[in-house]
Amino acid sequence: MAEMRQDKNFALELDAADELAGRRELFYIRPGQIYMDGNSLGLCSKPAEKAVLRALDDWKTHGIGIWTGAETDYFLYFESIGAKLARLINARPEEVTVCASTTLNIHQCIATFWKPDARRYKIVVDELNFPTDRYAVTSQIRQRGLEPDEVLKVVKSRDGKTLAMEDILAALTEDVAVVLLPSVLYRSAQLLDMAAIAAAARERGIICGFDLCHSIGAVDHDMEAVDCDFAVWCNYKYLSGGPGATAGLYVNRKHFAMEPGLAGWWGNRNDTQFELRPEFEHALNAGGWQTGTSPVLSMAGVDGALDAYEGITMAQVRERSLKLTRYMMYLIDTELAGYGFTVGNPREDAVRGGHVALEHDDAVRINEALKAADVVPDFRYPNVIRLAPSPLYTSFAEVWEFVRRLKEIMDTKAYEKYENKAGTVA
Ligand SMILES: Cc1ncc(COP(=O)(O)O)c(C=O)c1O
């Protein structure tokens, strides 16, 4: 990016030169509102709406025929959506499926891949990951009659924000069976070197999985190069698949012959599924890891939302995402110097995900004032305001306007009228 400037014209110049600017037209954006919460729940797009309405209409029209009718084929919906998702992470179509929630897919992967024995039984997690991952792993350990304290190996953070690569690698000892880490940390936006972690795990005979919730749709993953064993993610953040949209699951093709830990008829081979045989015969692709019937209405939003990525590459998306956050950090550094803010995310492109983690001692109240100023931020206790400009629909002018509104809040002390109530903001 050329030398940056603080004036609004510079933002307008960036928008005018932006090759992805047209994508914004696909989304429902409330006039005047600045939406910076695309990493919690992405905005609704017109193609997502169209796909949901189409599924509803197909249900109205075809009833049970919706599954395998002449005009509709929702029976294999997970495959067509899986193929669209696979393109975004450079995986093979058969390695990706759409099912359940991120949490349940973690249960599935631990149930499948964790084969503890006397020598190798530990599961490596980190202390900064979103808690549901840890809850799922812990309950899986208990399910097997083992003690979480003896099995879990938690990589600690040195600064409370990020993980050191040396600490992750040092944790991968010969008693470790599985390592599960996030691609991008939900609070600080640190992007881990997934390829290096997966390579170390492979060398040491450790199963390696990643939670891509905070990167898919913003970071250009290359699962062929990473070559980890499994990955899970939600489709409702950057991908804008809809609130609680059905989640995503990647299973490396080298594991297709493995028996899924949690079996269900929707994971059965498609050609014999409706023979309803007593024995489970899993499909030899990621679809084999599904359990129950596809939730069509909650998959349709994902299907449509992925059309917003049609015709563009994830390299373009990532470049725009980095440009947006780089510009935001520049404006924070220059316009908001002296107001007590700290940028809590790593600054280098190679280790930064899609959001900016803005820290302030008064973050709770400032966050409230931002909401009153028609900004949608995202607060994480105790002091982080997460700001996720969407690579598909946030304009550079909105980043500029966001910083202007924040500066006004600080200058007028508009935040002082709010209570500093811990833990009250979502
Ligand atoms: C890293 C991570 N994993 C998992 C989840 C949520 O999982 P689920 O889709 O099962 O609610 C989140 C939600 O924010 C998350 O940030």
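The values are calculated or read from the model by the stated rules, or taken from the named source; none is laboratory data. Everything numeric here is computed off the predicted structure, so don't read it as measured data. Please note: Cβ atoms are built from the backbone with ideal geometry, for glycine as well, and neighbour counts cover all protein chains shown. Quick note on the areas: whole protein, heavy atoms, side chains included, nothing else; ligands and nucleic acids left out. Shrake-Rupley method; radii C 1.70, N 1.55, O 1.52, S 1.80 Å.
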Would you say residue 383 is in contact with a Ser or Thr (Cβ under 6 Å, 6 or more places away or on another chain) and surrounded by 15 or more Cβ atoms within 10 Å (Cβ to Cβ)? no
Checking 325, 246 in turn, the sole residue that is open to solvent by less than 10 Å² (accessible area, probe 1.4 Å), touching a strand residue (DSSP E or B) at 6+ places or on another chain (Cβ under 7 Å) and away from the ligand (no atom under 16 Å from the Cβ) turns out to be 325
Looking at the range 49-64, can you tell me whether even one residue there is aliphatic (A, V, I, L, M), open to solvent by 10 Å² or more (accessible area, probe 1.4 Å) and within 29 Å of residue 225 (Cβ to Cβ)? no
Top-ranked residue in the range 136-159 [being in a loop (DSSP other than H, G, I, E, B) and either closer than 16 Å to residue 182 by Cα or at pLDDT below 95 (or both); ranked as least open to solvent (accessible area, probe 1.4 Å)]: 157
So for the range 160-180 (the condition being open to solvent by 30 Å² or more (accessible area, probe 1.4 Å), away from the ligand (no atom under 16 Å from the Cβ), part of a loop (DSSP other than H, G, I, E, B) and among the β-branched types (Val, Ile, Thr)), does at least one residue qualify? yes
Top-ranked residue in the range 202-220 [being part of a loop (DSSP other than H, G, I, E, B) and within 10 Å of the ligand (Cβ to nearest atom); ranked as surrounded by the most Cβ atoms within 10 Å (Cβ to Cβ)]: 214
So the check is Cβ under 6 Å with 6+ separation or different chains; which pairs have a first residue in the range 232-257 that's over 17 Å from residue 28 (Cβ atoms) and a second one that's within 9 Å of the ligand (Cβ to nearest atom) and among the aliphatic types (A, V, I, L, M)? 232/106; 233/212; 234/247; 235/245; 247/100; 249/232
Go through the range 221-237 and report how many residues are assigned to a loop (DSSP other than H, G, I, E, B), within 12 Å of the ligand (Cβ to nearest atom) and open to solvent by less than 10 Å² (accessible area, probe 1.4 Å). 2
Any idea how many residues of the range 18-46 are buried (at least 16 other Cβ atoms within 10 Å of the Cβ), part of a helix (DSSP H, G or I) and either under 20 Å from the mean Cα position of the chain (by Cα) or among the charged types (D, E, K, R) (or both)? 2
Which one of 189, 263, 200 is within 22 Å of residue 131 (Cα to Cα) and touching a strand residue (DSSP E or B) at 6+ places or on another chain (Cβ under 9 Å)? 189
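Among the residues of the range 84-105, which ones are open to solvent by less than 40 Å² (accessible area, probe 1.4 Å) and either in a helix (DSSP H, G or I) or within 16 Å of the ligand (Cβ to nearest atom) (or both)?
Hits for the range 84-105 are 85, 86, 88, 89, 95, 97, 98, 99, 102, 105.
Here is a list: 117, 133. Which entry is at pLDDT 95 or above and either outside the structural domain of residue 213 (by TED's automatic domain parsing) or more than 12 Å from the ligand (Cβ to nearest atom) (or both)?
117
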